[in-house]
Amino acid sequence: MDPVTSGILVILALFVLMAIGTPIAFALGGVALGALVLDRGMSELTYFGETFFSSIASFGFVAIPMFILMGAAVASSPTGRDLYRSLDLWLGRMPGGLAISNIGACSIFAALSGSSPATSAAIGKLGIPEMRKRGYPDGVAAGCIAAGGTLGILIPPSVTMIVYGISTETSIGRLFIAGALPGLMLAGLFMVWTLLACKLAGGYGTPSPLAAAAHQVKQNVEGNLKALVRVVPFLVVVTGILFALYGGVATPSEAAGAGAFLCLALAILVYRMWQAKPLTLIMRDALRESVMIMLIIAAAEIFAFALSSLFITQTVAGAIADLEVNRWVLMGIINLFLLVAGFFLPPVAVIVMTAPILLPIILAANFDPYWFAVVLTINLEIGLITPPVGLNLFIIKGIAPDIELRDILMGSLPYALCMVLGIVLLCFFPGIATWLPDLIMSHS
C-alpha cells in the first residue's frame, strides 16, 4: 500500500476512535499498534512495550509532573479567589472593568499554574457569576474567561513549551521567555476587544454592594489588599524559577521540583491547608493530569513512529518541502494544518507528533524555531475555544451549566480572531517573540 493511502486510512481510523469517545492516548496507541502489526506482523508486539516506555524514560520529562504539581497546589488553594478580588478592587468599578480584571487574573494565574483548564476553572468559578450578577451578557462573561484561560499554555512556565523543547531539542528556558511578550500581547488584545464589546453593548459594570457605602469601601480595600499580599509569595516563586532557568542556575526539572515544593509549602502555610483532604486532592489532581499527559506523549511517540515506519511522515514532509512557493505561503499552509489539528487533538499530542517533522522544514525556510514555537502554541490555543473539542468551552459549560453552549461559543469566537491577529502581528514583527530571549539569554 502506498504511503498516501496508508496515511488516509490511519487518520480515518484515529478520527473514528476519537468520535466514539476513545481517550486520546488509547486512540493514538491503538491505531499505531494496529498499523505496525498489519505492516510488520505480530512480531512488532515484542517491541511495543519497550518503545512505549523508552519514549518517556527521559529525565527532562520530570519537569512536566513537577510543574503540574506546582499548578495544582496553586489551583486548589484560594489563590485564584484572592487574585480575582485584588484586581476587581482596581478595575471592577469601571464600565467593562470586571471583564478586564478577569482577563488580567487569567494572565497572572496562567503564570502560576501553567495550565489552561486550571486557569479557566479557577477564575471562571468566581468571575462568571459575578459578571452575570452585574449585568454582563452571558457571551461576554463566558468568552473572556474561556479565552483568558488559553494563556496558560503560552505564558511561562508552560507545560506545552516543555514538551516542545524536549521534542525538538531546543532550549526550554528560551522557549519560556519567548512566550512572555506574545502572551502579554494576546492579553492586551483580549482586553481591547472586551472594552469594545462592552461599549457596543452600552457599557457594563455597576459598583458592587460592598462599595456602595463610603464606610464599607475602606473595609473592602483592606480586605482585597490583604488578599493581594497572600498572592505575592506565589508570584515570587514563579519569578525565582524563571530567573534560575535563565541564569543557568538550575535545569528545568530541578527548577520545577523546587517550584512544586515551594508552592505546596506556601499553600499549606499561607492558607493553612493542614488537613489531609485538600492535600490529597492536590496530589490526586496532579497525578491524574500528569498520567494523562505522559500517556499522550508516549502514545503520540508510538503513533509518530508508526507514521515514519509507513513512510507517511517522509512523504508529507517531502511534499511540503517540494512546494515551490514563497516561504510565507509555506508558513500559511503550516498554520492552517496546525489550526485544523488543534480542532481535534490536545496541544501536547499535536506538538509531539508534528514538531519534530515540521522543525526541519521551518529551519530550511529560515524561520526562527523559538518564534515558530510561539506561533504553533497560539494555533493550539485557538483549538481550546473552538469546536469540536474546545476543552475550555466545556469547562465553562461545567462551571455555568445554565449558559447555552452556543452563547459560550459565540462569545469566544471574537477572541479566537484576536489570536489570529496575534499570529499576523508575529509574522510582521517576529521580534515580539525573539527580542526578549536574545536580550536575556545568549544565542544557542
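With the structure loaded, tell me whether Ala178 is hydrophobic (A, V, I, L, M, F, W, C), modelled with pLDDT of 85 or more and farther than 18 Å from Pro437 by Cα or whether it fails that test.
Considered against the rule, which asks whether it is hydrophobic (A, V, I, L, M, F, W, C), modelled with pLDDT of 85 or more and farther than 18 Å from Pro437 by Cα, Ala178 comes out as no.
How do the pairs read when you match residues in the range 259-270 that are open to solvent by 10 Å² or more (accessible area, probe 1.4 Å) with residues anywhere that are small (Gly, Ala, Ser), using Cβ under 6 Å and keeping only pairs 6 or more apart or on different chains?
Within 6 Å, the pairs are Leu264/Ala73.
Among the residues of the range 106-133, what is the count of those that are of a type in the set (A, V, I, L, M) and under 14 Å from Ala146 (Cβ atoms)?
Qualifying residue count for the region: 7.
Looking at the range 309-318, which of its residues are touching a helix residue (DSSP H, G or I) at 6+ places or on another chain (Cβ under 9 Å) and assigned to a helix (DSSP H, G or I)?
Correct list: Ser309, Ile312, Thr313, Gln314, Thr315, Val316, Ala317.
Across the range 354-375, what is the number of residues that are touching a residue at least 60 places away in the same chain (Cβ under 8 Å) and assigned to a helix (DSSP H, G or I)?
Going through the range 354-375 one residue at a time, the tally reaches 8.
Out of the range 380-411, which residues are assigned to a helix (DSSP H, G or I) and under 24 Å from Ala180 (Cβ atoms)?
Within the range 380-411, Leu380, Glu381, Ile382, Gly383, Leu384, Leu391, Asn392 meet the criteria.
Could you figure out which of (1) modelled with pLDDT under 85; (2) open to solvent by 10 Å² or more (accessible area, probe 1.4 Å) isn't true of Gly152?
(2)
Residue-wise test of (1) open to solvent by 40 Å² or more (accessible area, probe 1.4 Å); (2) outside any helix (DSSP H, G or I); (3) within 30 Å of Met131 (Cα to Cα); (4) not hydrophobic (A, V, I, L, M, F, W, C).
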site	(1), (2), (3), (4)
Ala25	no, no, no, no
Gly29	no, no, no, yes
Phe52	yes, no, no, no
Phe67	no, no, no, no
Gly104	no, no, yes, yes
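Here's a check for you: in the range 271-295, which residue that is among the small types (Gly, Ala, Ser) and in contact (Cβ under 8 Å) with a residue 60 or more places away in the chain is surrounded by the fewest Cβ atoms within 10 Å (Cβ to Cβ)?
Ser290
Take the conditions touching a residue at least 12 places away in the same chain (Cβ under 8 Å), over 19 Å from Leu175 (Cβ atoms) and polar (S, T, N, Q) and apply them to Thr386. Does it pass?
yes
Within the range 37-52, does at least one residue satisfy the condition of being at pLDDT 80 or above and among the β-branched types (Val, Ile, Thr)?
yes
The values are calculated or read from the model by the stated rules, or taken from the named source; none is laboratory data. Computed from a predicted structure; not experimentally measured. Neighbour counts are summed over all protein chains in view; Cβ atoms, including those assigned to glycine, are modelled from backbone coordinates with ideal geometry. Note: areas computed on protein heavy atoms with side chains; ligands, DNA, RNA excluded. Shrake-Rupley method; radii C 1.70, N 1.55, O 1.52, S 1.80 Å.
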